[in-house]
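First comes the structure, then the notes that go with it.
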Amino acid sequence: MADSNDTVTIATGDGASGTTLLGIGAYRPRRVVSNEQICETIDSTSEWIYERSGILNRHRAEPDETIVSMSSEAAKKAVTSAGIDPELIDAVIVCTSTNWTQVPHAAPQVATDLGRNGIAAFDLTAGCAGFGYGLAVATNMIRGGGARYVVVVGVEKMSDGIDYSDRNTSFIFGDGAGAVVVGPSETNDVSPVVWGSDGEKGDAISQTKDFKQYVDEVDAAAADGRAEAVAQPFLSMDGSKVFRWAAVQVSKVCAQTLETAGVTAEQIQAFIPHQANGRINSAMAKHLGLPDSVAIANDIEQTGNTSAASIPLAMEAMLRDGEAEPGQVALCIGFGAGLSYAGQVVRLPAAPPAD
């Protein structure tokens with residue numbers, strides 16, 4: 001007679017007690033767009049843009065620089081930086097909101113490009129907090145026994161969804177990909193995540209229309225014989241609303257992240273917030289009371305806001321330029337569309353490979 005259900009024991013995963021960031025890599029598109037070029041399509045000045053956002057330049061991808069190709073290049077560099085055999089990679093997580101296809105999703109293609117066809121691979125969409133969400137999922141996979149080594153990619157091609165005549169958004173966003181390799185460790189180098197969302201204020205960052213509405217408008221235009229182009233969905237943002245939310249709520253999340261990690265502000269050596277706005281980042285650092293010795297990421301100046309890619313890109317830039325050192329303790333906080341947020345304290349990985 002078969003055992004009854006209450007006598008069946010289901011095994012648990014045998015995971016690592018700690019996780020660490022082993023390596024990092026980045027891909028920045030070839031084309032650099034200056035504030036002066038942005039001002040060719042909007043009524044503004046380079047000085048006004050810099051004062052409002054802290055941005056001087058941003059990278060914009062060409063047609064051949066896709067979500068998959070940028071992710072794969074960043075991931076390969078991260079694996080090289082980690083110094084591990086690619087055969088050890090068990091999973092790939094691609095964090096993005098700008099991949100044009102839902103099927104096939106990007107991560108399996110990136111895994112194949114890494115020579116790891118067949119492993120677990122999936123996309124994750126959480127806006128500008130995407131990398132933090134992906135890092136949290138990866139660390140929990142490793143601790144739970146679902147994987148030992150995971151590549152987490154933050155990647156966006158924001159330029160595909162920007163209305164270049166919109167003075168509120170046209171100067172803010174850039175493209176690129178950043179990746180890390182997360183692996184097991186005897187000591188823990190990635191804190192538990194502090195994450196959440198505020199759907200009541202979600203309309204502060206939205207699309208001008210959903211894709212179903214866009215398709216219906218295209219079909220209607222074709223049926224009526226109208227020749228005019230139908231406007232695609234564009235990103236829309238209430239900058240003031242986002243600024244107020246971030247300055248108040250996200251600062252609280254930063255403090256909660258430090259508490260959850262068991263780390264004080266005085267022990268932080270680098271602060272790597274989502275590169276949304278230079279003024280927001282300065283306000284958060286001041287609110288937290290971070291010492292003057294803390295290096296603060298400022299990749300936004302030359303890269304712009306790259307949404308889910310911004311934290312790994314900023315981390316890579318700090319390590320590459322010597323503004324931070326491998327092994328230092330860093331506070332990372334992602335926040336944006338959703339509205340969603342995710343904060344972690346991490347020990348910085350090995351320096352990125354030279355280009």
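The values are calculated or read from the model by the stated rules, or taken from the named source; none is laboratory data. Keep in mind it's a predicted model, so treat the numbers as computed, not measured. We place every Cβ from the backbone using ideal geometry, glycine too, and count neighbours over all the protein chains shown. Keep in mind that these areas ignore ligands, DNA and RNA; they rest on the heavy atoms of the full protein, side chains included. Shrake-Rupley method; radii C 1.70, N 1.55, O 1.52, S 1.80 Å.
With D163, D219, D189, D113 as the choices, which residue is within 22 Å of the chain's Cα centre (by Cα) and either open to solvent by 50 Å² or more (accessible area, probe 1.4 Å) or of a type in the set (S, T, Y) (or both)?
Exactly one of D163, D219, D189, D113 is within 22 Å of the chain's Cα centre (by Cα) and either open to solvent by 50 Å² or more (accessible area, probe 1.4 Å) or of a type in the set (S, T, Y) (or both), namely D113.
Please pick out the residue among A147, A204, A222 that is closer than 28 Å to N277 by Cα and of a type in the set (A, V, I, L, M).
A204
Given the criteria in contact with a Ser or Thr (Cβ under 9 Å, 6 or more places away or on another chain), hydroxyl-bearing (S, T, Y) and touching a residue at least 24 places away in the same chain (Cβ under 8 Å), does S46 qualify?
No, not satisfied.
Report yes if some residue within region 73-94 is closer than 27 Å to L348 by Cα, part of a loop (DSSP other than H, G, I, E, B), open to solvent by 20 Å² or more (accessible area, probe 1.4 Å) and touching a Ser or Thr at 6+ places or on another chain (Cβ under 8 Å); otherwise report no.
No, because not a single residue in region 73-94 is closer than 27 Å to L348 by Cα, part of a loop (DSSP other than H, G, I, E, B), open to solvent by 20 Å² or more (accessible area, probe 1.4 Å) and touching a Ser or Thr at 6+ places or on another chain (Cβ under 8 Å).
Kindly provide the set of residues from region 33-72 that are outside any loop (DSSP other than H, G, I, E, B) and either of a type in the set (G, A, S) or under 30 Å from V103 (Cα atoms) (or both), ordered by number.
The answer is S34, S46, S53, R58, H59, R60, I67, V68, S69, M70, S71, S72.
For the subset of region 141-160 comprising residues that are in a helix (DSSP H, G or I) and closer than 23 Å to E87 by Cα, which member is least open to solvent (accessible area, probe 1.4 Å)?
Applying the filter and picking the extreme gives I142.
Condition first: touching a Phe, Trp or Tyr at 6+ places or on another chain (Cβ under 7 Å) and within 27 Å of I205 (Cα to Cα). Now tell me which residues in region 173-193 satisfy that.
Selection gives G176, A177.
Being in contact with a strand residue (DSSP E or B) (Cβ under 8 Å, 6 or more places away or on another chain) and open to solvent by less than 60 Å² (accessible area, probe 1.4 Å): is that true of R31 here?
no
Quick one: which of V230, V253 is surrounded by 13 or more Cβ atoms within 10 Å (Cβ to Cβ), in contact (Cβ under 8 Å) with a residue 40 or more places away in the chain and either aliphatic (A, V, I, L, M) or in contact with a Leu (Cβ under 7 Å, 6 or more places away or on another chain) (or both)?
Criteria check complete, one pass: V253.
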